[in-house]
Amino acid sequence: MLTRRGWAVAAVAAVAVAMAGWFGARSLNGVVAPAAVALAAGYVQLRRTPRPDLRVEAPEYGFAGDAAEVAVAFDTETPLAGAVELTARGPLALAGDSVETTVTDEPIAFGLELRERGVGAVGPVELRVEDVFGLWTATHRYSIRRDVTVFPRRRRLTDANELAALDRTLGIDGRDRFDQLREYERGDSLRDVHWKTSAKRTDDLVVMEYEADDRRGRIELLAEADPGRADETAEAAASVAGYLLDAGVAVGLTLPSDRIEPGTGPAHRIAVYAALARLSAGTVVDSRRGNPDVAVEGFEGEAVRVAAAGRSVEFARLAGPPAEPAVSPGSERSGRAAVTDGGEHR
């Protein structure tokens with residue numbers, strides 16, 4: 001369709017045709033011919049330009065409060081002037097949802113804010129391109145969708161007295177004996193990074209791995225909350241779960257509508273945080289409750305509490321500053337993934 005500039009050129013040409021009837025063909029030749037050529041050339045250019053294929057790269061997950069980046073790249077044979085519009089839904093927000101640029105094979109970056117826990121999506125994408133004269137425009141819509149899971153904020157646990165009591169109650173007596181060094185995997189705790197060895201390598205990190213200690217066994221964590229308290233409870237549960245996983249404990253998680261079997265390692269850590277990202281208000285029914293070792297409870301009128309073996313403490317007493325995430329949006333450790341879509345054109 002015509003742009004504003006295109007309509008203006010067409011209007012000028014129409015006026016020139018009208019004037020030619022009064023003042024002769026010179027007006028027609030001097031104005032109408034160049035305008036007609038420009039309109040025709042622009043139209044043919046857009047019609048012959050194939051729809052660019054789209055590739056969107058975005059993080060699979062990240063922590064609430066963090067910032068990430070979405071890269072939008074088009075596969076085009078020739079540069080095109082136009083505007084790219086991206087949509088974000090759920091707990092996600094874009095620093096700017098529209099960018100006017102020259103579309104080439106180079107990726108276009110959009111800043112992404114992970115505002116709160118939950119599952120959001122990036123997409124669809126709309127591309128509006130113009131011909132070289134700016135007279136015609138074509139719109140390409142891509143129904144692409146990239147889901148992004150936003151983990152709850154995780155806080156360090158800092159109260160020495162309460163932590164010591166919690167460690168004794170749960171049988172967490174410290175680190176096991178060192179076993180070996182290995183390459184960093186997504187979800188590994190940064191406390192295990194062997195920085196001296198990593199500094200000698202340019203492409204990846206190295207982490208310390210410890211021998212398993214059967215005395216630790218596994219710990220069952222339960223989390224439940226009344227309406228309006230799910231966010232606080234999820235943050236507390238993520239903090240406790242992260243603390244236990246950092247200590248090498250196999251953690252199982254029971255939620256009102258979800259269950260994660262006990263496990264350790266990077267993939268298990270991500271599964272636990274993802275389940276807490278989806279935590280909704282409710283209580284765990286007796287048939288699924290079992291006998292949890294640790295319960296995180298957010299009940300109406302009370303502070304969120306962490307209970308274990310008869311001891312109960314307010315989470316606020318344990319919570320310190322935000323913990324450095326084991327996975328970070330905007331990096332390879334955040335599980336960035338790309339998706340492509342040919343889209344539709346009109």
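The values are calculated or read from the model by the stated rules, or taken from the named source; none is laboratory data. If you're wondering where the values come from, they're calculated on a predicted model, not measured in any experiment. When we count neighbours, we look across all protein chains shown, and the Cβ atoms used for this are built from the backbone with ideal geometry, even at glycine. All accessible areas refer to the heavy atoms of the entire protein, side chains included, with ligands and DNA or RNA removed. Shrake-Rupley method; radii C 1.70, N 1.55, O 1.52, S 1.80 Å.
Tabulated data
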| read-out | value |
| --- | --- |
| Single condition Ala275 does not satisfy, out of (1) open to solvent by 20 Å² or more (accessible area, probe 1.4 Å); (2) modelled with pLDDT of 95 or more; (3) not hydroxyl-bearing (Ser, Thr, Tyr) | (1) |
| Hits in the range 308-318 (condition: open to solvent by 30 Å² or more (accessible area, probe 1.4 Å) and either without any contact (Cβ under 8 Å) to a residue 60 or more places away in the chain or closer than 19 Å to Leu245 by Cβ (or both)) | Gly310, Ser312, Glu314, Ala316 |
| One residue from Arg177, Arg216 being farther than 30 Å from Gly82 by Cβ, modelled with pLDDT under 75 and touching an Asp or Glu at 6+ places or on another chain (Cβ under 6 Å) | Arg177 |
| Subset of the range 24-72 that is over 30 Å from Ala237 (Cα atoms) and among the hydroxyl-bearing types (Ser, Thr, Tyr) - its residue that is modelled with the highest pLDDT | Thr49 |
| Count of residues meeting criterion [out of contact with any Gly (no Cβ under 9 Å at 6 or more places or on another chain) and part of a strand (DSSP E or B)] in the range 98-112 | 4 |
| Unique match (being of a type in the set (Lys, Arg) and either without any contact (Cβ under 8 Å) to a residue 12 or more places away in the chain or in contact with a helix residue (DSSP H, G or I) (Cβ under 7 Å, 6 or more places away or on another chain) (or both)) among Arg288, Arg278, Arg269 | Arg269 |
| Qualifying positions in the range 244-259 - farther than 23 Å from Pro227 by Cβ and either part of a helix (DSSP H, G or I) or out of contact with any Asp or Glu (no Cβ under 7 Å at 6 or more places or on another chain) (or both) | Leu244, Leu245, Asp246, Ala247, Val249, Ala250, Val251 |
| Close pairs from the range 123-141: first more than 25 Å from Glu69 (Cβ to Cβ) and buried (at least 16 other Cβ atoms within 10 Å of the Cβ), partner of a type in the set (Val, Ile, Thr) and at pLDDT 80 or above, Cβ under 9 Å, at least 6 apart | Glu130/Thr137; Asp131/Thr137; Thr137/Val129; Ala138/Val129 |
| Enumerated strands (runs of 3 or more DSSP E) restricted to the range 33-83, each holding at least 3 residues that are under 20 Å from Pro124 (Cα atoms) and either open to solvent by less than 20 Å² (accessible area, probe 1.4 Å) or of a type in the set (A, V, I, L, M, F, W, C) (or both) | 53-58, 67-75 |
| Test result for Ala241, in a helix (DSSP H, G or I), without any contact (Cβ under 8 Å) to a residue 60 or more places away in the chain, of a type outside the set (Ser, Thr, Tyr) and crowded, with 19+ Cβ neighbours inside 10 Å | yes |
| Residue list for the range 113-156, restricted to those being outside any loop (DSSP other than H, G, I, E, B), within 23 Å of Glu77 (Cα to Cα) and not charged (D, E, K, R) | Pro124, Val125, Leu127, Val129, Trp136, Thr137, Ala138, Thr139, His140, Tyr142 |
| Where a residue in the range 92-117 is touching a residue at least 12 places away in the same chain (Cβ under 8 Å) and open to solvent by 20 Å² or more (accessible area, probe 1.4 Å) and its partner, wherever it lies, is in a loop (DSSP other than H, G, I, E, B) and among the β-branched types (Val, Ile, Thr), with Cβ under 8 Å and at least six apart | Thr104/Thr76; Asp105/Thr76 |
| Per-region count, the range 249-265, residues crowded, with 19+ Cβ neighbours inside 10 Å and more than 19 Å from Gly118 (Cα to Cα) | 3 |
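Okay, residues lined up against (1) closer than 29 Å to Arg115 by Cα; (2) open to solvent by less than 10 Å² (accessible area, probe 1.4 Å); (3) assigned to a loop (DSSP other than H, G, I, E, B):
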| position | (1), (2), (3) |
| --- | --- |
| Ala223 | yes, yes, no |
| Gly228 | yes, no, yes |
| Glu232 | yes, no, no |
| Ala267 | yes, no, no |
| Glu300 | yes, no, yes |
